[in-house]
Amino acid sequence: MQPLQPGSPNQQVFSDTLLELAQRDRNVLVVTSDSRGSGRLVAFGKQLPAQVVEVGIAEQNLVGVAAGLASAGKRVFAVSPACFLTARGLEQIKNDVAYSDQPVKLVGISAGVSYGALGTTHHSLHDLAVLQAFNNIDIVIPADNFETRAAVEAAIDHPRPLYLRLGKKAMHHLHAPGTPFTIGKAIRVRRGDEVALMATGETVEIAVQAAELLAARGVSADVLSIHSLRPFDEAEVLETARRVQAVVTVEEHSVHGGLGSRVATLLMQAGVTPALRIVGIPDEYTYTGSQQEIFAHYGITPDGLATTAEVLLEGRRVLTR
Amino acid sequence: MHITELERKSIQYRKTILASIAQAGAGHTGGSLSCTDILNVLYNRVMRVDPRNPGWNARDRYIHSKGHSVEALYAVLADKGFFPAEKLATMGRGGSHWVGHPTRKVPGIEQNTGALGHGLSVAVGMAIAARQDGADYRVFTLMGDGELTEGSVWEASMSAAFYKLDNLVVIIDRNTLQITGRTENVMALEPLADRFTAFGYAVRTVDGNDIAALVDIFAQTPFEPGKPNLIIARTTKGKGVSFIEDAVEWHHHVPTATELERALAELDQAEQRWQERYATIATR
């Protein structure tokens, strides 16, 4: 298999795509909270200054203003670091956007542990959990540049509130051009029949690399990019889980309330019971370091995931022996 | 609508508010009665709205930031014909959209509110959008005074001034009471006019239970070009019923059958006095 080709940070692809779309439609607006640098929106601000609404470091106001703009027919992307947007602005997301059904696109940048060694204040390991507990907000976490571009294009006309979660690391290309992308529909990156690696966001490429290691060790691994937590592709997850012995979920989020919890809840209630392991950030004072170092510490690496998969499969073999 | 007719409307709205709260068995009596005259003047004299077409693009927008006083808003919207008055009887019942805080499920309501300190930011977003579109609609929002301790109010205020939103009219229902007691004892707000002025508003103070004064102050907007408008409306919580006025326990006390009867009797007398005063004008 060819090694994965390097691409750009998803945040860069987001801002490039949005600039293109905004040049064609002056109703496309960006609302920022002194976050144009992190959001890679400096070029957008220079080229389309009339389409930027700056509110300063004020996430509550950011979300409320975005709701007001959306209510007046604007296509609004409210961009702020995920850690602040979904904690400081949480009640505004709940009431002004989700409950009021204003089709704002909330863009959480530098999500998960993107900010790495800046520490826990700058990590967002809670955002998927809290937003999944609100109704009426769709949640999209693109894995690579292709998914990011497709997600932004889909978001423009999305009729419901939407949370788009992005990271700042340069990603590898995972999908062939022309791969279908629909919000709510998981993408199979690799087909396998012994273990399924179900990942979201920046961890998908690690799952793909883990699948290659497993292939070299004689294990057939399926890889799903579950870029949408809501709507959630229950059919694809169930179909996949039914034909494998083990499922490993992977996410850059707390092990509580994110992708893994969503998958586990679905499988248990459907009576589908492969061996299951939720890989993410555990319930402890988070290890400090770069994103890569934090991932390594918690086994979110190609080798870590491959080993987890093998341990699950071995356990299943012992049970059925 | 003439000022004398507006005065009568306020008496009728207050009866509707009390009756609907009593029937629902829940509601915010004091705050609804304090802001009745403000809503009356806004909807019957100031704002450009069309009850038959609530989504009309050119409409003025109103955000009820002090969402707990929704009963006053329901009374006015029903009277305007946004929805049939019978809907008020469903308030607080299972499955009704006429819940204890405003939602967009009710015709005429722009935004779901109830968590305090949210309305102003939304109003700012609407006012910025009007500017960008070259539209001449205005955006009004009403905040309670107790609500002003929410930090988000001041975030939003900074942006209202920064974007020079003179198409935004912010009204404070300054009834000086919140659920625990006097605002000045819970968390002092004064000098309130100075604080808002410092944040960049053009500030005016008015008797918020005086219809003529309210009509006059709204007619003066925009107060200063390039500045958001802020009206401190000095009101009496529970206005219009002697034993409810300025009484902290009536924040969300629901009138008993006896209290409702006494209150309605007082309001009937007020309406009688109104008729005696204006009968000659009305029949002329």
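Miscellaneous remarks
- Occluded residues from region B:120-139, i.e. those whose accessible area drops by 30 Å² or more once the chain is not alone (1.4 Å probe): B:Ser121, B:Val122, B:Gly125, B:Met126, B:Ile128, B:Ala129, B:Gln132, B:Asp133
- Three-way shape label, region A:167-321, alpha-carbon gyration tensor, a/c 1.5: rounded
- Applying a threshold of 21 Å to the alpha-carbon distances of A:Lys105/B:Lys227; A:Lys94/B:Lys80; A:Lys74/B:Lys87; B:Lys15/B:Lys239 flags A:Lys105/B:Lys227; A:Lys94/B:Lys80; A:Lys74/B:Lys87 as lying beyond it.
- Projecting the Cα atoms of A:Val219, A:Phe181, A:Leu164 onto the charge dipole of region A:151-225, computed from C-beta unit charges around the Cα centre, puts A:Leu164 farthest toward the positive end.
- The residues of region A:210-304 expose on average 40 square angstrom of accessible surface per residue, using a 1.4 Å probe on protein heavy atoms.
- Prolate/oblate/rounded call for chain B, Cα gyration tensor, a/c under 1.5 rounded: rounded
- Helical contribution to [θ] at 222 nm, DSSP H n ≥ 4, -39,500 (n - 2.57), averaged over the protein assembly as shown, rounded to 500: -12000 deg cm²/dmol
- Accessible area buried by the pairing of B and A, both sides summed with a 1.4 Å probe, works out to roughly 2000 Å².
- Comparing the full protein assembly with the isolated chain, the residues of region A:58-73 losing at least 20 square angstrom of accessible surface (1.4 Å probe) are A:Ala58, A:Gln60, A:Asn61, A:Gly64, A:Val65, A:Gly68, A:Leu69, A:Ser71, A:Ala72.
- When only Cα pairs below 8 angstrom with a gap of at least 6 residues are kept, chain A shows a relative contact order of 16 percent.
- Cβ-Cβ distance of B:Ala279 and B:Gln220, R₀ of 41 Å, FRET efficiency by 1/(1 + (r/R0)^6): the value works out to about 0.80.
- Candidates A:His256, A:His123, A:His227: whichever shows maximal mean-square fluctuation once chain A is modelled as a Gaussian network with Cα springs under 10 Å: A:His256
- Shape class for region A:41-104, computed from the alpha carbon gyration tensor (a ≥ b ≥ c): oblate, with a/c not under 1.5 and a/b at or below b/c.
- Taking chain A as a Gaussian network of alpha-carbon nodes connected by springs under 10 Å, the highest mean-square fluctuation of the residues A:Gln47, A:Gln132, A:Gln245 belongs to A:Gln47.
- Neighbour net charge for B:Lys239 - beta-carbon separation under 10 angstrom, K R +1, D E -1: -1
- Heavy-atom accessible area per residue - region B:1-130, 1.4 Å, Å²: 31
- The charge dipole of the protein assembly as shown, taken about its Cα centre with unit charges on the Cβ atoms of Lys, Arg (+1), Asp and Glu (-1) only, comes to about 960 debye.
- In loop segments of region A:219-264 as defined by DSSP, the trypsin sites (Lys or Arg not before Pro) with at most 16 further C-beta atoms inside 10 Å of their C-beta are A:Arg243.
- Share of carbon and sulfur in the accessible heavy-atom surface of the protein assembly as shown [1.4 Å probe, %]: 52
- Part-to-part distance (alpha-carbon centres) for region B:173-240 and region A:176-199, which is given in Å: 58
- Estimated FRET transfer efficiency (B:Gln12, A:Asp34; beta-carbon r; R0 60 Å; 0.05): 0.75
- On Cα atoms only, tilt of B:70-80 relative to the major axis of chain B in degrees: 80
- For the protein assembly as shown, DSSP calls about 15 percent of its internal beta bridges antiparallel.
- Amide H contacts under 5 Å for A:Gly192, placed H, 5+ residues apart: A:Asp222, A:Val223
- At least 40 Å² accessible surface lost relative to isolated chain, residues of region B:141-182 (1.4 Å probe): B:Glu155, B:Tyr163
- Chain A, dipole about Cα centre (Lys/Arg Cβ +1, Asp/Glu Cβ -1), debye to the nearest 20: 340
- A dipole drawn for the protein assembly as shown from +1 and -1 charges on Cβ atoms has a positive end, and of A:Ser38, B:Pro191, B:Val122 the residue lying farthest that way is B:Val122.
- In the context of the full set of protein chains, residues of region A:88-164 present 29 Å² of accessible surface per residue (probe radius 1.4 Å, heavy atoms only).
The values are calculated or read from the model by the stated rules, or taken from the named source; none is laboratory data. All of these numbers come straight from a predicted model, not from anything done at the bench. Every residue, glycine among them, receives a Cβ derived from its backbone with ideal geometry; neighbour counts consider all protein chains shown. Just the protein is used for accessible areas: all its heavy atoms, side chains included, with ligands, DNA and RNA removed. Shrake-Rupley method; radii C 1.70, N 1.55, O 1.52, S 1.80 Å.
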